[in-house]
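What follows is a short report on a single structure.
The values are calculated or read from the model by the stated rules, or taken from the named source; none is laboratory data. Keep in mind that what you see is a predicted model, and the values were worked out from it rather than measured. Cβ placement follows ideal geometry from the backbone for every residue including glycine, while neighbour counts extend to all protein chains displayed. Ligands, DNA and RNA are stripped out before the accessible areas are found, and what is left, the full protein with its side chains, is counted by its heavy atoms. Shrake-Rupley method; radii C 1.70, N 1.55, O 1.52, S 1.80 Å.
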Amino acid sequence: GLYSRTAYYDKECEIDEKIINKQIKDLGVILIDLNDLKLINDNYGHDKGDIALINISEMIKNVFGLENSYRIGGDEFVVILEDTSNIEELVNKFVSTMNDNNAEEPWISVKAAIGYEVYNNQEDYYLSNLLVEADKKMYENKQIMKSKDKA
């Protein structure tokens, strides 16, 4: 139910052209990585893994809007916002939505790591620059989540 990797690449080209032409003033990238998809697939079956992907996709769509949301890999998602005035609020809403879902089944009560970055016209020359930084923050978030799971 989200835009595809191909649609993301098309949007990336569009955004990069706007950056080059100095038509971008505000831009944010959010990277979301579904936790434990392999575990769900291996322990409960790929049909349950598909349900987990649908559930996380619905959360992404409901919080960030379909028009901004892309599935770029098996369990990786990107949100592109051309207005970042409420990016932190949206990220917090997404995290709250996940945390409020306390079903026993891991394919229903999905969790994901999240990281985001906001465009800086002095440092960021392409959308991919933001994605790299968002990826670093997402990975840090994933490590924090894993350490909490072990505790």
Relative contact order (%) - the chain, alpha-carbon pairs under 8 angstrom, separation at least six:
33 percent
Work out how much length Asp149 to Ser85 would gain on full extension: take 0.36 nm times their residue separation and subtract the Cα-Cα distance, in nm to one decimal.
19.8 nm
Distance from a point 7 Å along Cα→Cβ of Lys22 to each backbone N in the stretch 123-141: keep the residues under 17 Å and list them by number.
123-126
Rounded to the nearest 10 Å², the accessible area of Asp135 using a 1.4 Å probe with every protein chain kept is 70 Å²
How big is the Rg/Rh ratio for the stretch 1-100, C-alpha atoms only, Rh by Kirkwood, two decimals?
1.02
Post the alpha-carbon centroid distance, the stretch 95-151 to the stretch 38-77, in whole angstrom.
14 Å
